1. List the pairs whose first member sits in segment 172-192 and is more than 17 Å from SER121 (Cα to Cα), whose second member is modelled with pLDDT under 80 and of a type in the set (Gly, Ala, Ser), and whose Cβ atoms are under 7 Å apart, counting only residues at least 6 apart or on separate chains?
2. For segment 93-125, give me the residue count where each residue is under 17 Å from the mean Cα position of the chain (by Cα), not aliphatic (A, V, I, L, M) and not in a helix (DSSP H, G or I).
3. Just name the residue that is surrounded by the most Cβ atoms within 10 Å (Cβ to Cβ) out of those in segment 131-144 that are in contact (Cβ under 8 Å) with a residue 24 or more places away in the chain and in a loop (DSSP other than H, G, I, E, B).
4. Please count how many residues of segment 63-84 are aromatic (Phe, Trp, Tyr) and either without any contact (Cβ under 8 Å) to a residue 24 or more places away in the chain or not in a helix (DSSP H, G or I) (or both).
5. What residue, among those in segment 30-52 that are modelled with pLDDT of 80 or more and outside any loop (DSSP other than H, G, I, E, B), is nearest to the chain's Cα centre (by Cα)?
6. Of the numbered conditions (1) within 30 Å of GLU77 (Cβ to Cβ); (2) modelled with pLDDT of 80 or more; (3) surrounded by 12 or more Cβ atoms within 10 Å (Cβ to Cβ), PHE27 satisfies every one except a single condition; which is it?
7. So if I check each of LEU151, LEU128, LEU160, which one is in contact with a helix residue (DSSP H, G or I) (Cβ under 9 Å, 6 or more places away or on another chain), under 24 Å from ILE67 (Cα atoms) and either touching a residue at least 60 places away in the same chain (Cβ under 8 Å) or in a helix (DSSP H, G or I) (or both)?
8. Residues ASP93, ASP68: which one is acidic (Asp, Glu), out of contact with any strand residue (DSSP E or B) (no Cβ under 9 Å at 6 or more places or on another chain) and either outside the structural domain of ILE169 (by TED's automatic domain parsing) or loosely packed, with under 13 Cβ neighbours inside 10 Å (or both)?
Amino acid sequence: METDLKLLQSFCTNTGLIINTSKTKGFHFASKSKTFIYNHDKNWKLGKDTIAYIPPGVTEKYLGARIDPWAGVTKGEWPEKIKAWIKSLQAADLRPAQKIEVLRMHIIPRTYFHLILTEVSQNTLRNLYQIIRNSMKEIVHLPPHVTSGLLYSNNRSGGLGMLKLEVRIPSAIIRKRMALEMSTDKRYRGILPVSGRKQRQNH
């Protein structure tokens, strides 16, 4: 951590940028035998300012995601969140085409970062897909039995151009993992689970 902070300080000095240390927190664990030691005795500084610690059991919000030092990124209740957003959208004084555009361009992309970061399961993606699909049919007053191909076909083909999470999110997760594997920094490569590295080596 001290090395990383020195690099960050050098970057800020060379670029003239300033870090808001009041909103900056960190954590570091060191393995010892069969346990982990929480390094709370370290005096982390950026310039003259001290960097606060995230105690075990406490989550910190980063780019909209909740980070737990022990458990990683909390997955969040995305089905409930999307239902709430769509409910508000349906109540808005907009035409159906405008509601579809808001859903397609704003509501669904809003979930991308979190779903990719947490590497959400296919079951969750299928659940979100069903919520979005059913909501779209309600918005444009389509009967439930209408094929979903109409929803996901592009606009030029007469469809609604909706993005399919079941395809887009897994492919983004794979690209993220490949970028980590190809990194020259061994710390980034170490983020990948051992099973994932072994699978890549076998191909």
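The values are calculated or read from the model by the stated rules, or taken from the named source; none is laboratory data. This one's a predicted model, so the numbers in the text were calculated from it and none came from an experiment. Neighbour counts run over all protein chains shown; Cβ positions are idealised from the backbone, glycine included.
1. From residues that are more than 17 Å from SER121 (Cα to Cα), the pairs are ARG189/SER183.
2. Total meeting the criteria: 3.
3. VAL140
4. Looking only at that region, the number is 1.
5. Across segment 30-52, the extreme among qualifying residues is ALA52.
6. (2)
7. Every option except LEU128 fails the conditions.
8. Just a single option satisfies the conditions, and that option is ASP93.
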